There are 2 protein chains.
Amino acid sequence: MTSSYQESLSKESQLFIKVLENMYHASHIVNIPSGEKVSLSKSYIWLVVRGVIKIQTLNLDGEISILGLVSSDNVFGETLSTSNPYEAYAMGNCDLLPISLIEIEQNPTLSISIFNALRKTYQQTEMLLSIKSIRRMEDRIKSLFIFLAERYGRECKDGIVIDIRLTHQEIANLLSTTRVTVTRIMSDLKESKWLILERSKYVLTQRSTI
Amino acid sequence: MTSSYQESLSKESQLFIKVLENMYHASHIVNIPSGEKVSLSKSYIWLVVRGVIKIQTLNLDGEISILGLVSSDNVFGETLSTSNPYEAYAMGNCDLLPISLIEIEQNPTLSISIFNALRKTYQQTEMLLSIKSIRRMEDRIKSLFIFLAERYGRECKDGIVIDIRLTHQEIANLLSTTRVTVTRIMSDLKESKWLILERSKYVLTQRSTI
């Protein structure tokens with residue numbers, strides 16, 4: 001289900017990033033090591049070249065809410081958001097390309113590229129909103145993993161391995177539930193072989209349908 | 001809190017829509033009467049000129065989930081989304097401007113305008129995601145009304161009147177809860193004068209803080 005999607009995404013994405021890298025020169029790329037926070041600036045939009053960036057805010061309850069997992073050829077930035085606080089963390093090693101808002105306004109090729117990148121970020125946010133509307137928490141978690149497999153999956157001998165590692169707490173922050181609930185449901189999913197762990201990565205098996 | 005926000009939004013929005021109307025000629029504007037469904041097409045992005053469009057899908061539970069309330073100078077369309085089904089309904093009388101994807105790619109002025117319109121739609125979706133992460137349903141409903149007051153509010157003698165009418169069922173579909181829960185909490189909010197009804201419109205009073 002995912003290999004062809006990933007391939008086409010990857011080709012398109014490589015071309016897009018190459019154009020932008022040439023335009024901006026590779027020296028402008030910022031590397032953010034795993035777990036580090038990105039120092040944001042209001043006059044830039046950030047394009048993810050490699051890796052996954054976790055966007056989070058605090059909700060009214062004072063709890064962390066994850067607003068997005070922004071990856072290759074998607075954009076993020078305070079200027080796109082009205083959330084306060086708006087924090088971005090690298091999940092694994094990330095390369096980012098900061099692009100100034102002024103340049104986007106002045107450069108037509110760039111503005112079309114950034115429009116398409118924002119479209120992808122938007123689609124992902126809408127998908128999370130849709131997943132969050134599922135009442136039964138087990139189905140919500142299953143839907144999240146199917147979404148992750150479509151976005152970050154690649155085929156392996158046992159099914160689809162997901163190339164992004166989320167802790168139970170992060171899953172809870174994405175789906176607005178508690179870590180305890182996530183741990184309980186994840187145990188059930190592993191027991192029924194809906195999900196397996198392979199070299200500390202999640203694998204969706206043949207049974208992984210809703 | 002809202003009048004200056006609304007004024008600046010309104011000026012910017014009027015200018016933006018004027019530019020687009022001149023570009024496209026007013027004859028291309030599509031009028032959708034209250035409650036009607038928009039006939040979408042994959043090769044167009046829709047700009048809301050006047051009114052509010054409700055975007056909805058069905059979640060896994062088979063229940064309606066509202067993904068956005070798209071209003072003046074925001075965009076929507078199947079092509080921006082990966083949701084299936086993706087349905088758009090007019091809340092009140094709406095004027096829409098369909099803009100072809102080909103024209104957006106070819107016209108730099110247009111692509112920058114549509115980028116900014118998508119940015120606003122994205123911000124709203126992210127805000128709904130953030131509101132949905134609030135655990136306590138009373139706070140979730142209060143946050144929704146404060147958001148609606150900021151987006152669609154205007155000052156009146158008793159506070160901020162919200163110029164958009166949502167049914168209890170629509171509030172439930174926006175916040176992933178039941179109509180019964182919404183009705184119960186709304187009764188409490190009216191009783192405590194947090195919210196009042198005036199000529200069948202909601203008004204946030206001086207007590208309307210979280």
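The values are calculated or read from the model by the stated rules, or taken from the named source; none is laboratory data. In this text, all values refer to a predicted model and were calculated from it rather than measured experimentally. Cβ sites come from the backbone with ideal geometry, for glycine too, and all protein chains shown count toward neighbours.
Pull up segment A:111-142, narrow it to residues that are small (Gly, Ala, Ser) and within 7 Å of chain B (Cβ to nearest Cβ), then point me to the one that is farthest from A:Tyr202 (Cα to Cα).
Here the residue is A:Ser111.
From the residues in segment B:103-129 that are touching a residue at least 12 places away in the same chain (Cβ under 8 Å) and over 17 Å from B:Leu47 (Cα atoms), which one is surrounded by the fewest Cβ atoms within 10 Å (Cβ to Cβ)? Among those residues, the one meeting the criterion is B:Met127. A search for C-beta distances below 6 Å between a residue of segment B:78-98 that is touching a residue at least 40 places away in the same chain (Cβ under 8 Å) and any residue that is acidic (Asp, Glu), counting only pairs 6+ apart in sequence or on different chains, returns B:Tyr86/B:Glu78; B:Ala90/B:Glu36.
Of all the criteria given as (1) in the same structural domain as A:Ile32 (by TED's automatic domain parsing); (2) of a type in the set (Gly, Ala, Ser); (3) closer than 19 Å to A:Gly51 by Cβ, the one not satisfied by A:Ser111 is (3).
Evaluate segment A:152-171: report whether one residue or more is at the interface with chain B (Cβ under 10 Å from one of its Cβ atoms), of a type in the set (Ser, Thr, Tyr) and touching a residue at least 60 places away in the same chain (Cβ under 8 Å). No, that holds for no residue. In segment A:74-88 there is at least one residue matching the filter, namely being in contact with a helix residue (DSSP H, G or I) (Cβ under 9 Å, 6 or more places away or on another chain), among the β-branched types (Val, Ile, Thr) and modelled with pLDDT of 95 or more. Taken as a whole, the condition of being in a loop (DSSP other than H, G, I, E, B), closer than 18 Å to A:Leu175 by Cα and outside the structural domain of A:Ser176 (by TED's automatic domain parsing) applies to A:Ser83. For segment A:181-193, does any single residue satisfy the condition of being crowded, with 20+ Cβ neighbours inside 10 Å and closer than 29 Å to A:Asp73 by Cα? Scanning segment A:181-193 turns up no residue that is crowded, with 20+ Cβ neighbours inside 10 Å and closer than 29 Å to A:Asp73 by Cα.
For (1) part of a loop (DSSP other than H, G, I, E, B); (2) under 21 Å from B:Gln56 (Cβ atoms); (3) modelled with pLDDT of 95 or more, each residue gets a yes or a no:
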{"site": "B:Lys142", "(1), (2), (3)": "no, no, yes"}
{"site": "B:Phe145", "(1), (2), (3)": "no, yes, yes"}
{"site": "B:Glu150", "(1), (2), (3)": "no, no, no"}
{"site": "B:Arg154", "(1), (2), (3)": "no, no, no"}
{"site": "B:Leu166", "(1), (2), (3)": "yes, yes, no"}
{"site": "B:Ile171", "(1), (2), (3)": "no, yes, yes"}
{"site": "B:Thr181", "(1), (2), (3)": "no, yes, yes"}
{"site": "B:Thr209", "(1), (2), (3)": "yes, no, no"}
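Would you mind stating whether A:Leu96 is of a type in the set (A, V, I, L, M, F, W, C) and in a strand (DSSP E or B)?
yes
Taken over segment A:58-93, the criterion of being buried (at least 20 other Cβ atoms within 10 Å of the Cβ) and of a type in the set (Val, Ile, Thr) is satisfied by A:Ile66, A:Val70, A:Val75.
Name the single residue that is nearest to B:Pro98 (Cα to Cα) among those in segment B:31-68 being charged (D, E, K, R) and outside any strand (DSSP E or B). Here the answer is B:Lys42. For the residues B:Ile99, B:Ile160, the requirement of being of a type in the set (Val, Ile, Thr) and not assigned by TED's automatic domain parsing to the domain that holds B:Ser71 singles out B:Ile160. Please verify whether B:Gly92 is over 25 Å from A:Gln123 (Cβ atoms) and over 16 Å from the mean Cα position of the chain (by Cα), treating the condition exactly as stated. It is false that B:Gly92 is over 25 Å from A:Gln123 (Cβ atoms) and over 16 Å from the mean Cα position of the chain (by Cα).
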